[in-house]
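FYI, it's all coordinate maths here, none of it is from the lab. None of these values were measured; they are calculated from a predicted model. Here the Cβ is made from the backbone with ideal geometry for all residues, glycine too, and neighbour counts use every protein chain on show.
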Amino acid sequence: MSVPSMTLFYNPASPFARKVLILLHETGQLDRVALLPTQVSPVSPDAALNQDNPAGKLPALRLADGNVIHDSRVILEYLDTQHVGNPLIPREGSARWRRLTLASLADALLDAALLIRYETALRPPEKHWDLWLDNQAEKIQRSLAYFEQNAIAELSSHFDIAAISVAAALGYLDFRQPDLDWRNSCPHLANWFAEVSQRPSMQSTRPPA
Ligand code: 99T
């Protein structure tokens, strides 16, 4: 086992950090990264994280030379250049843009879910804005419907950047919005998610119960 040369600011509740951990697992790089558990929200920043990522968001990855890479998409892109196996992000061609677009939609779903989380968990109830919450919920529903109707075959073909991102997003919905019942309207996505959830990389990165 090698000594970790990189440090990852992460939290087990973060689906963005989970994507990084899944990719590390899938590409055999877990032992290269030391995990630094970090608790952060828009109203409770972390000073050490702010120094490494001025946006105050995790994940952030400190490299051996002290440079820091942040935003999960950039970290995934970097780590995918650091192993010798098949790339999990196609390097070129139409596949690259398609897989990144699917991944980006999954991240947008996550952004909406996180905005709902912050609005409901952090803002006082009398300040909740229903129109805001409803429109975030609709973004989630439209994205789920898109994956259900247009992307099942593609997601099933490779466990890559697109599949990792969608799997992390669905895991987050189950974690933070367990009453959403998305499986009812998305049976194919539900089957796909049940299957990929068996992967060791998914099992070992499940959000806390
Ligand atoms: O917004 C903040 O100040 C702190 N929030 C975060 O750091 C969240 C943690 S998920 N991370 C992001 O928003 C990263 C988004 C970025 N585009 C990326 O890395 O892809 C916390 C989830 C939860 O606790 O429910």
The size of the Cβ-based charge dipole (Lys, Arg +1; Asp, Glu -1) of the range 131-209 about the Cα centre, to the nearest 20 debye, is 180
Mean-square fluctuation maximum in Gaussian network of the chain, Cα pairs under 10 Å, restricted to Pro124, Pro59, Pro187, hits Pro124
Taking a straight Cα-to-Cα line shorter than 16 Å from Lys57, and setting aside same-chain lysines fewer than 8 residues away, one finds Lys19
Once Gln198 and His83 are pulled to full extension, the length gained, defined as 0.36 nm per residue separation minus their Cα-Cα distance, is 39.1 nm
For the range 49-124, one quarter of the surface area of the C-alpha convex hull, expressed in nm², comes to 6.7
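Relative contact order for the chain: what is it in percent, counting Cα pairs under 8 Å that are at least 6 residues apart?
23
Of all beta bridges DSSP finds with both residues in the chain, what is the antiparallel percent, to the nearest 5?
Values: 7 of 12 bridges.
Around 60 percent antiparallel, to the nearest 5.
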Between Ser2 and Tyr146, the two model label points (7 Å from Cα along the beta-carbon direction) sit apart by a distance in nm of 3.7
FRET efficiency (Trp132, Ala13; Cβ distance; R0 35 Å; to 0.05) is 0.95
Rounded to two decimals, the Rg over Rh value of the range 155-209 from Cα coordinates and the Kirkwood Rh reads 0.94
In cubic angstrom per residue, the convex hull of the chain built on its Cα atoms measures 131
Among the DSSP H helices of the chain, those whose Cα atoms extend at least 24 Å along the helix axis and whose mean Kyte-Doolittle hydropathy is 0.0 or higher are 93-122
About its Cα centre, the chain carries a charge dipole, from +1 on Lys and Arg Cβ atoms and -1 on Asp and Glu Cβ atoms, whose size in debye to the nearest 20 is 200
Residue span Glu119 to Asp181: 0.36 nm per residue of separation minus Cα-Cα distance leaves a gain in nm of 20.3 nm
Output ordering of 137-143, 117-123 (per-residue mean of other Cβ within 10 Å, highest first) is 137-143, 117-123
